[in-house]
Amino acid sequence: MSTGDGSARRGRLLRVALVTVSALVVLGGIFAFTLSGNGATASTTSEVRGTFTQHLSNFASENTTLLTRDYAPNATLEWVGTTRGLGGTYNTTNMISQFYSTFFSKVTNVSVKNSTSAVQIVGGGATVNGTFSLLGGGPQVQILTGEVSLRVAYIHVNGVWEISSETWDFLSLNLQRPLA
């Protein structure tokens, strides 16, 4: 009888061992997938943050051609809030390019200061929420100062992050016109 009990006990131990090893393999796979997934998310977040920082730099460069390349062909740009007549909604890169060309003909010496941003990755896209101070001057606007809250939606197309929509919400905007 003791031989039968030992066999049954070994059988149970073998089943417990198989279940335990299987569970550990599954859990190890989930852990490895989570680690690699988090690495991909961290890498993507860093990539999007770099793309956003470059976008602000392209804006400050006042180079309409370079700036317009940041947008997907059917992108939307909105300037809302306290815009002092500079606001509007611009659809497609052609309209966005025209808007920036007009803006940079009036306001030059543009700079972006105190930029902050938070990146959120969702599916195949990303959203950046940020704030910054805007400074400038020029032939038609002697001094421009403003505080902007920004939301930028990015899509990933052919290995490149492009803006699908962007909203500048001017919390304040002060324009001082040149003396005539």
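Please treat every number below as a calculation from the coordinates, not as lab data. Worth saying up front: this structure is predicted, and the values here are computed from it rather than measured. Here the Cβ positions follow ideal geometry from the backbone for every residue, glycine too, while neighbour counts run over all protein chains shown.
Determine, for each peptide in 67-75, 103-111, the mean count of other beta carbons within 10 angstrom over its residues, then list the peptides with the highest first.
Averaged packing, sorted descending, gives the order 67-75, 103-111.
With no solvent and one point on each alpha carbon, what is the Debye value of log10 I(q)/I(0) for region 12-176 at q = 0.16 Å⁻¹?
-0.91
Work out the charge dipole of region 12-176 with +1 on the Cβ of Lys and Arg and -1 on the Cβ of Asp and Glu about the Cα centre, then indicate which of Asn174, Phe104, His156 is farthest towards its positive end.
His156
Provide the gained length on full extension for the span Ala42 to Thr116, in nm with one decimal, where the gain is 0.36 nm per separating residue minus the Cα-Cα distance.
24.9 nm
How do the peptides 82-93, 138-149 rank, highest first, by the average count of neighbouring beta carbon atoms within 10 Å per residue? Intermediate results must be reported in sequence, preceding the final value.
Working: 82-93: 14.7, 138-149: 16.6.
Highest mean packing first, the order is 138-149, 82-93.
Could you work out how far apart the two model spin labels at Lys106 and Ser172 are, taking each label as a point 7 Å from the Cα in the direction of the beta carbon, and quote it in nm?
That separation, rounded to one decimal, is 2.1 nm.
Starting from the Cα of Arg9, step 7 Å along the direction of its Cβ; do the same at Thr53; then give the gap between the two resulting points in nm.
Each label point lies 7 Å from its Cα, and together they span 6.5 nm.
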